[in-house]
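Engineer: Below is the structure I would like to discuss, written out as structure tokens.
Values quoted throughout were computed directly from the atomic coordinates according to the rules given, and no laboratory measurement underlies them. Everything quoted here is computed from the prediction, not taken from an experiment. Heads up, the Cβs are rebuilt from the backbone with ideal geometry, glycines too, and the neighbour counts pull from every protein chain shown.
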Amino acid sequence: MPAVRKYRRDTSEVSCCLKYVIFGFNVMFWWLGLGIMAVGVWAWTEKDTFNNLSRLTNVALDPAFILILVGTVTFIIGFTGCVGALRENTCLLATYAIFLALLLLMEMAAGVLGFVFKDWIKSQATGGFQAFIIHYREDPDQQNLIDWIQEDWLQCCGIEGPKDWDRNNYFNCSSSDIGSREACGVPFSCCKRKPNEIIKNKQCGYDVRKPSYILGICFAQNLRADIFAQKAKWH
């Protein structure tokens, strides 16, 4: 009598824990990307960029455009991971994995290229910062960004010094002929906040690059150097 084969049904299932961890993680990315993209579109709308296409000439330096780009990429990655995990769609999950792999490779490539071409990157960053200076009063987003860089991040005034603000039509010393009150000055973000100053003086940068001020600064620095030299002889 022939032996009867018994078939055992496979009762294994997709890991619910892994499935919902990926789903929950990417739901947050999905909403985060949507929020960033909405803020970027709102910023563009406030600046009337959609109706004034001439402003798109400096789109790569526009913080609003960068927000839209970052938000769109984050939204797409979150969508593929979220829906792919929830629906157990292997195609979307493969797309999600490819996106993450590409981001990882781009970060590694950026690190290597940043080390190899650091001088070129520095020159490009300098050119971008100078473009911000030129268009300082034309774009409120760029204005806020450069104020944050000068006041809070790098705590500087221009790239090479306050003279970089000659590139801006409002702060150029020759602009005094057309009645610019900011001529031969710098933005308030160049000024150092005083210890007891609660509200920063927005006019603290007026006229600071006029010759009389520059000479005063030079004389003060020379006097300080002489004082330090004399004190050094006391020891």
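Engineer: Normalised by the residues of segment 61-157, what does the relative contact order come to in percent, with Cα pairs under 8 Å and at least six apart?
Structural biologist: Details: 40 pairs, mean separation 23.9, N = 97.
Averaging sequence separation for qualifying contacts and normalising by length gives 25 percent for segment 61-157.
Engineer: By average Cβ neighbour count within 10 Å, what is the ranking of 124-134, 197-207, 62-72 from highest down? Let's see the in-between values first.
Structural biologist: Values: 124-134: 14.8, 197-207: 13.1, 62-72: 18.2.
In decreasing order of mean packing, 124-134, 197-207, 62-72 become 62-72, 124-134, 197-207.
Engineer: Cα-Cα over 29 Å: which of Lys163/Lys200; Lys47/Lys200; Lys47/Lys202; Lys118/Lys200; Lys122/Lys163; Lys163/Lys192?
Structural biologist: Result: Lys118/Lys200 exceed 29 Å.
Engineer: Could you work out how much longer the chain between Arg87 and Ala229 gets when fully extended? Use 0.36 nm per residue separation minus the Cα distance between them, nm to one decimal. Please list the in-between numbers first.
Structural biologist: Values: separation 142, 0.36 × 142 = 51.12 nm, distance 7.61 nm.
Taking Arg87 through Ala229 to full extension adds about 43.5 nm, to one decimal.
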